[in-house]
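Colleague: Let me begin by handing over the structure; questions about it come next.
The values are calculated or read from the model by the stated rules, or taken from the named source; none is laboratory data. All figures in this text were calculated on a predicted structure; none of them were measured in a lab. Cβ: placed from backbone, ideal geometry, glycine included. Neighbour counts: every protein chain shown.
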Amino acid sequence: MSTSFQQGINVLKKVIDAPIAAYFSSCTSCGLCAQACIFYTETGNPKYTPIRRVEPMRRIWEQEFTLVGKAKKLLGLSKPVTGQDLKDNVELAFESCTTCGRCTMVCPVGNDIVYMIRRMREGLTAAGLAPKSLQAAAVRTLEKGSVMGFPLKTLEAMIQAAEKETGIKINIDEPNVDYLLLLSSAEVMQFNEIIGALAQIFKEAGVSWTFSSDAYEAGNPGMHMGASEIEAQMINRIVKAAEQLHIKNVISPECGHAYMAIRWEGPNVIGRPYPFKVFHIIEVLDNLRKEGRLKTTGLESERITFHDPCQAARRGGVNQPQRNLLNMVTSNFIEMTDNQSCNWCCGGGGGMNTIESAEPLVKKVFNRKKKQIDELDVTTVVTMCATCRNTLEEGIEENNMNIEVMGLTELLANHLLKEKKS
Amino acid sequence: MTNKNNLLAGELERLGISRRTFLKFCTSIGSVMALSPAQAAVMAEKLVTVKRQSVIWLSFQECTGCTESITRSHKPSLESLIFDFVSLDYHHTLQAASGHAAEQAREQAMHDNQGKYILIVDGSIPIKDDGVYSTIAGMTNLDMLQQVAKDAAAIVAVGSCATFGGLPKASPNPTGAVSVSDIVHDKPIINIPGCPPIPVVMTGVLAHVLTFGIPELDSMGRPKAFYGDSIHDRCYRRPYYDRGQFAKSFDDEGARKGWCLYELGCKGPITHNACATVKWNNGTSFPIQSGHGCLGCSEPDFWDAGGFYKALSTGTNSPGQWATAALAAGAAAGLASAYLNKSSKADAEKDHQPVTLEDMGGKS
Amino acid sequence: MKTPLNLPIEIAAPSTGMAQAVLHELAGHLQQLIESGKTEVIDLTSLPMSSSDKQQLETQLGKGEVDITLTTIGESRIFETAYSGIWWIRHYTADQHLIAELIEICSVPQIIKSHPADMQQALSRLKNTH
Amino acid sequence: MNEIELLNWARGPGLAYATAIMFFGLSIRVIEILSLGRPEELAEVRDSGVRDGWLMILKRSLPEVRHWKYITASYIFHIGLLVVIFFFIPHTHLFRDVFGIFWGGWPNYIIDFFTVLSIAGMLYTLVARFYDPARRILSKMSDYLAWLVTFLPLVTGYMAFHRLGLDYTTMLAVHILSVELLMIAIPISKLTHVVTFTMARWYTGSNQGRRGVRS
C-alpha cells in the first residue's frame, strides 16, 4: 500500500505551486464564491462555500511555505492538519463539488478555486480517501478497458449494429487515417446512436477515421480522483494507440471531463507534449462546417436551448463552435440566462454521479437547472456531454418536466444532407 | 493714599493717563486674551490696585530675540506700562548694573521678595557635561535656575527655548538643552512659546497674573487664551483649505490669489498660537498673510519636525530610502525562505509514492 | 486703511456667512437690553470673520446719529449704528493700528462715561487752579 | 510624551519603520509565492495567455453585476478607499515625498464624499459578515482584525479632517499611527491581497487564455 495519511500530506506539499500560494495569499474570505456554487445556493448550507473545500491545503501552505505561518506554528498558534481533517474534507472536495469552476469566474481576486480543489483531491486520494466508486471505476477502466467495465466486444457489437443500420463500414485499428475517435462509456451504453450518426457525418464530409481496440474509452476516473499516475496510465493508452496508428488527430467525444483530461491535463500528467492534436467532437464538426464539408438540411422550429458543459465550455474553452452548429439546424435557439462561462452546472459532473451517497444532493441541486430551463419555456435542451445529458434526463424525469434532451452531434445527424450514395 | 506710589494707580496719575485710556488698554488686552469685555473692565479696576511686582528675568541659551520682541515692538505705549510698573530687578541685557552689582541686585531681590517674586526665563538650559556650556558669573544655568526658582511664586517661561528646549535642543542637541519644566517641577510654570512669542501675549499674561492669577493653561502649560486655537483654526485662508485650493509654489496663480499654503509646508494646522488673530508688528501681518507658511515655532521640536517646506502630511525623514532598503532586505529574506520551501517541496517529491491501481483494489 | 507694504497677495477672503449670524445675535441682545437693561459686548476680533464678512456687517448696520472720537493714546472711534442701542467701537493705537473692535449693546458705551477716579483728579486740579 | 512628540514620532520613525516592515514583508511574500514555481504547460495552447492574464487583472475589477446585492458595499468601499488614499491632496504629497511621483489631488468635498461612502460600505460589510451565512462561516478573528485595521485609518482620518474628537494634533497622530498599523498588517494578514491579487488574477487569467476560456 502506498496510500497513507503521510502520503496525503506529502502530496499536498508537492502540489502547492505559485498560483495556489497566490490564491491563498489573496483570499479575503469575502464569500462571493458561495453565490456562484449550486451546492450553496440550492441548499443554503454555508459549509459548501467553495473556498472552504481546500481549507486543509490552505493550512499546509501557510504552515509550510510562509514565514508568517512557520512562526505561527512555532508559537503554537496554528495546529497541524490531522487525519481527521482530511477525512472530514472528503465530503467537501468529492461529495458536494462537481469541479464546475463557476466560483472561479466570480472570485474578485481571481482565485481559480477548482484548480485548488483538484489538487486537494489529489492529496485525499494519496491519503487513501478517494470515494470507493471512483476507485472502482479506475480499476475497471484500466483492467477491463472502459469506465463502466464493458470489454471491447461490447463496443464491437455496437459498431456492427451501426454498420448494419447505416450501411457504412466503420474502421477499427485502421492506421494513417485522419482521426482517432474515442467514446465515453455512457455513449456506448446509453447513447450509442452517436456511432451511426458520426459515421454518416464523416462519410458525407469525406473524413477518414477509426476506433482503436486498445484505447476506445475517453473517460478518465483518474482525473476525477486526482490520481495523476492513474490518470497518466489512461492517457498513455490513448497516446500509444494514436502513435502506433500514426494518427495526427484525436477526437474527444461529447464528454466534458474526458475533454479536460485528454485535451488539457493529459500532456501535463504524462510529462510530454503530444505528437498529435486533440479536438472536441463539436470542434471537429464546426471545422467541417467552416470548410463547407458539413451540410445540413431543414431547421428545428421548436424552442431549443443549449446547456454548456462545464469542463468543455467554461474550463475547456469550447464556447462558439456549438453555437455555430446550432444556428445551422435551429431557427428558435434560445440562450439560457447564464450561459457559456457562467452557465450553471447540471450537478452531476466531477465524479458526483458515480458517488451513491451524493445522489440526494445531486437531485436537490438540479433545482437550479430546472429553474433555468423553466424560465425559457423550451421543448428541447441540447448539450454536448454524456454526463450532463444523463443528469439532465434524470433530473427532468424526476421533476416531471416535459423536455427532450439531445446530444448536439445527434441533432446534427438528424439534419444531415446526404449527397453521397451509401 | 500712602501707598499710592507703589500702586499702578499712582503711576497712571504721574503719567497723566486717564482711566478711560487704561480701560481702552485693558479692553485691547482682554480682546486678545478672549476675556469677556466685562472681565476686561474688572481687570482694569484690579490692576490699578496691585502692588509693584518684583520680577527676575534669567536669560540662558537664547538669542535675545524674545527680549527684542518685547522691547522693540512698543512705541511708548500702553503695554509698556506693565513693564514700567513691574520692578524688573534683574535682566542682564536691560539692567544698568553689571558684574557683581548685577548679581547682588538679583540676590537682594530674591531675599526681599522671598516666595513672592515672579521668575521669567528665556533660553534653554544645557545639562550635558554638568551644564558647562552656558554660565553666568561662573554659575551654570542649571544651578542658577534651581537657585532662583526655589523661592519664586511662579515661573514664566518665555520663548520656545525656555518652554520646549527650542533651537538649542534641535538634533543632535550638542549641549543637552532642556526646558524649564524639565528642571523645575514644584512651581507653577506658565509657558509662552514662540520664536519669539508675540509681545502682547507676554503683557497679557503678566496682566492676568497680576490681576486674576495664573491663567488657564493647556496640557503643555500654555495659556489657553492665546494658545487655545491653532493658526489654521483662525487663519483667514482657511476657506481655501476647506475647498482644496492650494498654492503650489510661492509665485504661482494660487499664491497670488492668497490660497492656502498647506502644500508649501504650512504647519498652521498643528501650531497653537495667536498669530492669526493678534498678528505681528502692531497687528500689521503674520507669516501666512505675507505669503509664507507657518513654521510651527510655538510647538515643541519644530526644528526637527521635517522640512519647513514639506507638507505636514509627509514624513519627517525619508521613508523612500527605507522602502528601497526594506525591499532589498525582504528579497534576501524571501530568497532564504524560498530556499527552505524548495527543499521541503523536493523532500515531498522524493518521499512521494505513486498511487497505484493496487491501492484502488486492482490487481497491478 | 494704510497698507504698509504692497505685496502681490490678495488678502481679501471669501465671505463665510458670519455677518448673518452676528446680526441674529445682536437682535437677541437688543431685546435683552430693552427688557432687563442688561448690556452686552461682542468682541469682533475674536470672531472668525473675514474682512468681507466685516464689511458686510458694517454695511447692513449702517451709521446712526452719534459719532464720537476719543483721543486717548491713539484714537478710538465710536458710532451708533442705524440701529439705536447698537454701537460700533474701534480702538486704535497712536500709529493708527486697530487693537480692538467691538459692538456694544447699551444706551451709552462704558468707555464714554467719565470714571470716578478721573473726576476726583479733575476736581483736585480745578481746586488747585483757583 | 506630548501630542507633538507623538505626531513627530508617527511622521518620523513610526512611518519609516512601518514603511520598512511593509515593503520587507511584501517582498518576502511575493518571492515566497514566485519561488514555488508554476508547472510548465505541455498541452498545445490556443494562445500564449499573456493578453488574457493582463485582461483578467483589469476585468476582474469591473463589478460582477449578477451579484450586485452581494458586492456593492465592498465595491464602493474599495473605490472610496483608493480615491481617499491616492487623491486626498495631503496624501499625494506623502507619495511625492516617498516615491517622487506627483499626480495632483481632488477637491476636499469629493474626498469627503468618498470617505463617508467608504465608511458606510465598510460598516455594511461588517454587518454582512455577521449575517451572511457564507461569510460568517469563513470569518475568523483575523478577518475581523483585518477589517478593524482598515477601518481605523478611515475613521480617524475623517475625524482629524473635521476636527472631531481629540484635538487636531493628537487626532492626526492617531490617524498616522493607525495607517502605520495597517501597513504593518498588510504583509502578515489577508490584506496581502492588495498586492497578490494581481498575481492570482494573472495566473488564472493566463491559464484561461491558454485554454481559450473567456473570463
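Colleague: When the residues of region A:287-312 are narrowed to those that are in a helix (DSSP H, G or I) and free of Cβ contacts under 8 Å to residues at least 40 places away in the same chain, which ends up surrounded by the most Cβ atoms within 10 Å (Cβ to Cβ)?
Modeller: A:Arg289
Colleague: Just the residues that are surrounded by fewer than 16 Cβ atoms within 10 Å (Cβ to Cβ) and among the small types (Gly, Ala, Ser), please, taken from region C:28-51.
Modeller: Within region C:28-51, C:Gly28, C:Ser36, C:Gly37, C:Ser51 qualify.
Colleague: For region A:39-69, give me the residue count where each residue is of a type outside the set (D, E, K, R), closer than 22 Å to A:Gly123 by Cβ, in contact (Cβ under 8 Å) with a residue 60 or more places away in the chain and more than 10 Å from every other protein chain (Cβ to nearest Cβ).
Modeller: The qualifying residues number 4.
Colleague: Sticking with this structure for a sec: Does region D:107-116 contain any residue that is modelled with pLDDT of 95 or more, farther than 30 Å from B:Thr324 by Cβ, out of contact with any His (no Cβ under 6 Å at 6 or more places or on another chain) and away from chain B (no Cβ under 14 Å)?
Modeller: For region D:107-116, residues modelled with pLDDT of 95 or more, farther than 30 Å from B:Thr324 by Cβ, out of contact with any His (no Cβ under 6 Å at 6 or more places or on another chain) and away from chain B (no Cβ under 14 Å): present.
Colleague: Looking only at region A:330-351, decide whether some residue is away from chain D (no Cβ under 14 Å) and assigned to a helix (DSSP H, G or I). Lay out the reasoning, then the answer.
Modeller: The initial filter retains those residues of region A:330-351 that are away from chain D (no Cβ under 14 Å), namely A:330-335, A:345-351.
Remaining after also requiring assigned to a helix (DSSP H, G or I): none.
No: zero hits.
Colleague: Here's something else I'd like to know. Looking only at residues that are assigned to a strand (DSSP E or B) and touching an Asp or Glu at 6+ places or on another chain (Cβ under 8 Å) in region A:393-407, which one is farthest from A:Ile194 (Cα to Cα)?
Modeller: The qualifying residue farthest from A:Ile194 (Cα to Cα) is A:Val405.
Colleague: Among the numbered conditions (1) at the interface with chain D (Cβ under 10 Å from one of its Cβ atoms); (2) hydrophobic (A, V, I, L, M, F, W, C); (3) not in a helix (DSSP H, G or I), tell me where B:Val355 comes up short.
Modeller: In the conditions (1) at the interface with chain D (Cβ under 10 Å from one of its Cβ atoms); (2) hydrophobic (A, V, I, L, M, F, W, C); (3) not in a helix (DSSP H, G or I), B:Val355 misses (1) alone.
Colleague: Additional query: If you scan region D:39-73, which residues turn out to be free of Cβ contacts under 8 Å to residues at least 12 places away in the same chain and basic (Lys, Arg)?
Modeller: D:Arg66, D:Lys69 - these are the residues of region D:39-73 that are free of Cβ contacts under 8 Å to residues at least 12 places away in the same chain and basic (Lys, Arg).
Colleague: Which of the residues that make up region A:361-395 are without any contact (Cβ under 8 Å) to a residue 24 or more places away in the chain and either over 20 Å from A:Glu254 (Cα atoms) or of a type in the set (Val, Ile, Thr) (or both)?
Modeller: Listed by number, the list holds a single entry, A:Lys371.
Colleague: From B:Ala326, B:Ala331, grab the single residue that is crowded, with 20+ Cβ neighbours inside 10 Å, within 7 Å of another protein chain (Cβ to nearest Cβ) and over 21 Å from A:Thr3 (Cβ atoms). Break it down stepwise before answering.
Modeller: On the way: B:Ala331 fails: crowded, with 20+ Cβ neighbours inside 10 Å.
The unique qualifying residue is B:Ala326.
Colleague: Would you check if there is a residue in region A:100-114 being outside any helix (DSSP H, G or I), within 16 Å of the chain's Cα centre (by Cα), crowded, with 24+ Cβ neighbours inside 10 Å and outside the structural domain of A:Ile230 (by TED's automatic domain parsing)?
Modeller: yes
Colleague: Restricting to region D:16-41, what's the tally of residues that are more than 7 Å from chain B (Cβ to nearest Cβ), among the small types (Gly, Ala, Ser) and either closer than 30 Å to A:Pro267 by Cα or in contact with a Cys (Cβ under 8 Å, 6 or more places away or on another chain) (or both)?
Modeller: Summing the residues that are more than 7 Å from chain B (Cβ to nearest Cβ), among the small types (Gly, Ala, Ser) and either closer than 30 Å to A:Pro267 by Cα or in contact with a Cys (Cβ under 8 Å, 6 or more places away or on another chain) (or both) in region D:16-41 gives 1.
Colleague: Could you tell me which of the residues D:Thr192, D:Thr196, D:Thr169, D:Thr204 is touching a helix residue (DSSP H, G or I) at 6+ places or on another chain (Cβ under 7 Å) and under 21 Å from D:Asn2 (Cβ atoms)?
Modeller: D:Thr169
Colleague: Got a number for residues in region B:141-174 being of a type in the set (Ser, Thr, Tyr) and crowded, with 20+ Cβ neighbours inside 10 Å?
Modeller: Here the count works out to 2.
Colleague: Identify, from the list A:Lys14, A:Lys72, A:Lys79, the residue that is in contact with a helix residue (DSSP H, G or I) (Cβ under 9 Å, 6 or more places away or on another chain), more than 7 Å from chain D (Cβ to nearest Cβ) and not in a helix (DSSP H, G or I).
Modeller: Only one candidate passes the filter, namely A:Lys79.
Colleague: On to the next question. Please state which of the following conditions C:Ile86 fails to meet, knowing it meets all the rest: (1) farther than 23 Å from B:Ala44 by Cβ; (2) free of Cβ contacts under 8 Å to residues at least 60 places away in the same chain.
Modeller: (2)
Colleague: Still on this structure, please answer the following. Can you tell me which residues in region A:259-271 are among the small types (Gly, Ala, Ser) and not in a loop (DSSP other than H, G, I, E, B)?
Modeller: If the condition is that a residue be among the small types (Gly, Ala, Ser) and not in a loop (DSSP other than H, G, I, E, B), then A:Ala261, A:Gly266 are the ones that fit.
Colleague: Within the group D:Tyr70, D:Tyr109, which residue is within 20 Å of B:Tyr241 (Cβ to Cβ), hydroxyl-bearing (Ser, Thr, Tyr) and not in a loop (DSSP other than H, G, I, E, B)?
Modeller: D:Tyr109
Colleague: Could you figure out which of (1) under 17 Å from D:Arg11 (Cα atoms); (2) away from chain A (no Cβ under 14 Å); (3) within 16 Å of the chain's Cα centre (by Cα) isn't true of D:Met171?
Modeller: (3)
Colleague: Taking B:Asp347, is it of a type in the set (D, E, K, R) and either in a loop (DSSP other than H, G, I, E, B) or more than 7 Å from every other protein chain (Cβ to nearest Cβ) (or both)? Don't jump to the end; show me each part of the working.
Modeller: Details: of a type in the set (D, E, K, R): yes; either in a loop (DSSP other than H, G, I, E, B) or more than 7 Å from every other protein chain (Cβ to nearest Cβ) (or both): yes.
Considered against the rule, which asks whether it is of a type in the set (D, E, K, R) and either in a loop (DSSP other than H, G, I, E, B) or more than 7 Å from every other protein chain (Cβ to nearest Cβ) (or both), B:Asp347 comes out as yes.
Colleague: Moving on to the next point. Across region A:272-286, which residue is surrounded by the fewest Cβ atoms within 10 Å (Cβ to Cβ) among those that are touching a residue at least 24 places away in the same chain (Cβ under 8 Å) and assigned to a loop (DSSP other than H, G, I, E, B)?
Modeller: A:Pro275
Colleague: If you check every pair at least six apart or on different chains, which have Cβ atoms under 7 Å apart with a residue in region A:21-38 that is more than 7 Å from chain D (Cβ to nearest Cβ) first and a residue that is in a helix (DSSP H, G or I) and aromatic (Phe, Trp, Tyr) second?
Modeller: A:Phe24/A:Trp61; A:Cys37/A:Tyr48
Colleague: Continuing with this model, one more query. If you take the residues of region D:1-11 that are at the interface with chain B (Cβ under 7 Å from one of its Cβ atoms) and surrounded by fewer than 19 Cβ atoms within 10 Å (Cβ to Cβ), which of them is nearest to the chain's Cα centre (by Cα)?
Modeller: Of everything passing the filter in region D:1-11, D:Glu5 is nearest to the chain's Cα centre (by Cα).
Colleague: Answer yes or no as to whether D:Leu145 is assigned to a helix (DSSP H, G or I), touching a residue at least 24 places away in the same chain (Cβ under 8 Å) and surrounded by fewer than 18 Cβ atoms within 10 Å (Cβ to Cβ).
Modeller: yes
Colleague: Return yes or no: is D:His78 surrounded by 15 or more Cβ atoms within 10 Å (Cβ to Cβ) and within 19 Å of D:Arg11 (Cα to Cα)? It would help to see each step written out before you state the result.
Modeller: Numbers: surrounded by 15 or more Cβ atoms within 10 Å (Cβ to Cβ): yes; within 19 Å of D:Arg11 (Cα to Cα): no.
Spelling it out, it is not the case that D:His78 is surrounded by 15 or more Cβ atoms within 10 Å (Cβ to Cβ) and within 19 Å of D:Arg11 (Cα to Cα).
Colleague: Does B:Gly283 meet the test of being at the interface with another protein chain (Cβ under 9 Å from one of its Cβ atoms), at pLDDT 90 or above, surrounded by fewer than 21 Cβ atoms within 10 Å (Cβ to Cβ) and on the phi > 0 side of the Ramachandran plot?
Modeller: no
Colleague: Of everything in region B:294-309, what is closer than 18 Å to B:Arg237 by Cβ and under 17 Å from the mean Cα position of the chain (by Cα)? Give them in sequence order.
Modeller: Result: B:Cys294, B:Leu295, B:Gly296, B:Phe308.
Colleague: Consider A:Asp88 against the criteria (1) farther than 24 Å from D:Pro187 by Cβ; (2) touching a residue at least 12 places away in the same chain (Cβ under 8 Å); (3) acidic (Asp, Glu): it satisfies all of them except one. Which criterion is unmet?
Modeller: Result: A:Asp88 fails condition (2) only.
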